[in-house]
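J.: Got a structure for you, questions after.
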Amino acid sequence: MMGLQAIIDQQLKKYKKWDFLVFMLLTLLSVLNGQTTVFYLMYFFWWNELIRLIVDRLYFKKNPNAINEDWQSTGFMGGLFSMGIYWVFLIVFFGFIAVSDNREIILTNMEIVFFQNWFFNLNLIFVLFERIYLHQKQQPLTIYFGAFNPNMIVLHVSIIVGGLILFFLVKRFPETFTPENQWGSVVIVFPFLLLKMLNQKLSSDNHNLK
């Protein structure tokens, strides 16, 4: 009979599927509880990339199976600088200005920023511990430190898609797309789930192809 550790080791090879399933489950739960906005999803994408960037920088030398795709450059200040620009843009524009006419959504966004949304927090905690654990178990990982990589490209696309959703759906139908309207929020979630799947595809580890 397969031991618990053997089962865990086997499932580690499928971590991307588990990562997506946990993200989808917690996001859908937040929708059903009226705590999801466009900002919620975009800000999660941002935090997901920041966690990956920092954890990879701290642990990649301890993981012989981690492949650095940035020509062996370990400097990540360029990536952090880009993330800082994104943070200001996301907070100021998508968190407040773009929804300035809807006080309820602004309050929901503020709860996310100040870590008062526990669906959001649990998602981040899972991402953090998962990435650390993968490095500690020396799983094959493809890592990037530069400002331009598949993860950043998806972040770019998510910002564009988020803007389109805000201006062509959310702002045009404010009575439907509110934190309290469960089924209206579902429409917001699906494009970001597709982006998450694209992110998984673009960042697929190609260690076995080397």
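The values are calculated or read from the model by the stated rules, or taken from the named source; none is laboratory data. The structure displayed is predicted, hence computed values, not measured ones. Note that we place each Cβ from the backbone using ideal geometry, even for glycine, and neighbour counts take in every protein chain shown. For accessibility, only protein heavy atoms count, side chains too; no ligands or nucleic acids. Shrake-Rupley method; radii C 1.70, N 1.55, O 1.52, S 1.80 Å.
J.: In segment 1-54, how many residues are of a type in the set (S, T, Y), open to solvent by less than 20 Å² (accessible area, probe 1.4 Å) and modelled with pLDDT under 80?
T.: Count: 3.
J.: Separate question: Give segment 56-66 a look and list any residue that's open to solvent by 10 Å² or more (accessible area, probe 1.4 Å) and in a helix (DSSP H, G or I), or say none.
T.: Correct list: R57, L58, Y59, F60, K61, K62.
J.: Okay, next question. Filtering segment 86-105 down to residues that are modelled with pLDDT of 90 or more, aliphatic (A, V, I, L, M) and surrounded by 11 or more Cβ atoms within 10 Å (Cβ to Cβ), which residue is farthest from W46 (Cα to Cα)?
T.: The extreme case among them is V92.
J.: Just checking, which of F129, F115 is surrounded by fewer than 16 Cβ atoms within 10 Å (Cβ to Cβ), in a loop (DSSP other than H, G, I, E, B) and at pLDDT 90 or above?
T.: F115
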